[in-house]
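Take a look at the structure below.
Just so it is clear, none of the values below were taken in a lab; they were calculated from the coordinates. Note that this is a predicted model, so its numbers are computed, not measured. We place every Cβ from the backbone using ideal geometry, glycine too, and count neighbours over all the protein chains shown.
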Amino acid sequence: MTVGTGGAADTDGACGAVVPADQDAYGTTPDDLPDGLVIADEGGRVICFNAAAARITAVSPDEALGRPLDVALPLEDLEGRRWWRLTDPYGGLAIRVGQPERNLLLPGGREVMVTVRYVRSAPQGPVRRVVVSLRDTEARRRTERSHAELIATVAHELRSPLTSVKGFTATLLAKWERFTDDQKRLMLETVDADANRVTRLIAELLDISRIDSGRLEVRRQPVDIGAAVGRHVQAHVAAGQPADRFLVRLRQPLPALWADPDKIDQVLSNLLENAVRHGEGTVTIEVEPTPCPREPGITGTSVTVSDEGPGIPEESMNRVFTRFWRGSKRGGTGLGLYIVKGIVEAHGGTITVGRNPNGGAQFRFTLPVAIPAYLV
């Protein structure tokens, strides 16, 4: 790519340094930059147009180099006004140093993030270079769509239990004397169950916020993972599942596990509930010592939960731990496995999904042995 207006080197810092004008002392060129870079000289002609700029604008460097900046990079604001005419980089106030990042439009209406810097020969002197940084907005749009989908999902999930709570409480307040004690108890139990559902959803949202921001706290203490598995199995049996549907295998001796017991309970609860609700046949839970994938030479604890149902389609395996993945005929918010992955990784562990040799889905998470600092 041609950079500079003449000579073997460009020493004013436009695109490079005191070596060939298209690279710096480490051999880095403008084409190595992840963002689009466009530079115009004191006459407003484009002297640098890197590969990322070509990708973002769909204009080749050969077409852009040497052309006026407003022709090679025609930008409009969101109201359709020509942006270079509005900002007048080579005129106007001499104290200006550039333009902050903003959304602008390329021909065809494609949105792009643009930042501009004015390079002057001296403070308040004439502009010698206009340096333009271009950034594609697609990643930001995906994030915005994800947030919008999260809000829509939460609104939908909250509407049903809140409507139920409002309906039953309004009915009880208006017609309390007309109901028998058994009817009142049934209504209040329904209200209590719906309130628990709302509480769980709010807890999920808080977990997602902490995972996304890297602020998920892990309060480690000794955890008996075998006993934790037993408690969750007994809870399902007490809720009506046959005891012979569960098969628990503990391979002793297990290493001492230091983890956050509440969050490990959350992981086990989600995986077992998915296996019971969406799987078929026997639900097998295996707990065994295993090498840690992230820490060679260190023994950890792995837990495998598998069922004998239809399993997860191969094409969906790489999306299981993403937000809102529900698979076929799945209910709920689709946030549970995303949170499970975040909790396991916050412990320094890993989680995978595959197929059970007997059919069905198989989830396996591994946690490293983490000894508190005061015991080391």
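Values for this structure:
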{"read-out": "Relative exposure of 105, 73, judged by other C-beta atoms within 10 Å (fewest first)", "value": "105, 73"}
{"read-out": "Distance between the stretch 115-184 and the stretch 196-235 - C-alpha centres, whole angstrom", "value": "24"}
{"read-out": "Inter-label distance for residue 110 and residue 206, nm, one decimal - labels placed 7 Å from Cα along Cα-to-Cβ", "value": "4.4"}
{"read-out": "Length released on extending from residue 150 to residue 166, taking residue separation times 0.36 nm less the Cα-Cα span", "value": "3.4 nm"}
{"read-out": "Computed FRET value (nearest 0.05) for residue 318 with residue 28, which takes r as the C-beta separation and R₀ as 51 Å", "value": "0.95"}
{"read-out": "CD proxy at 222 nm, helix term only [per DSSP H run n ≥ 4: -39500 (n - 2.57); per residue of the chain; nearest 500]", "value": "-11500 deg cm²/dmol"}
{"read-out": "Inter-site label distance for residue 60 and residue 248 at 7 Å from Cα along Cβ, in nm", "value": "6.8"}
{"read-out": "Share of alpha-carbon pairs per 5 Å distance bin for the stretch 125-277, given as whole %", "value": "2, 6, 10, 11, 12, 13, 12, 10, 8, 5, 3, 2, 2, 2, 1, 1, 0, 0"}
{"read-out": "Overall form of the stretch 198-323 per C-alpha gyration tensor (a/c, 1.5; a/b vs b/c)", "value": "rounded"}
{"read-out": "Part-to-part distance (alpha-carbon centres) for the stretch 276-292 and the stretch 34-61, which is given in Å", "value": "55"}
{"read-out": "Equivalent-ellipsoid semi-axes of the stretch 30-136, from the Cα gyration tensor, Å, largest first", "value": "21, 16, 12"}
{"read-out": "Least to most buried among 284, 301 (fewest other Cβ within 10 Å first)", "value": "284, 301"}
{"read-out": "Protection-proxy order for peptides 233-245, 249-261, 45-57, each taking the mean of Cβ atoms within 10 Å per residue, highest first", "value": "45-57, 249-261, 233-245"}
{"read-out": "Distance (nanometres) between label positions extended 7 Å along Cα→Cβ at residue 217 and residue 121", "value": "6.0"}
{"read-out": "Measure of compaction for the stretch 140-213 (Cα Rg per 2.2 N^0.38 Å)", "value": "1.51"}
{"read-out": "Normalised per residue, the volume of the convex hull around the Cα set of the chain (Å³)", "value": "260"}
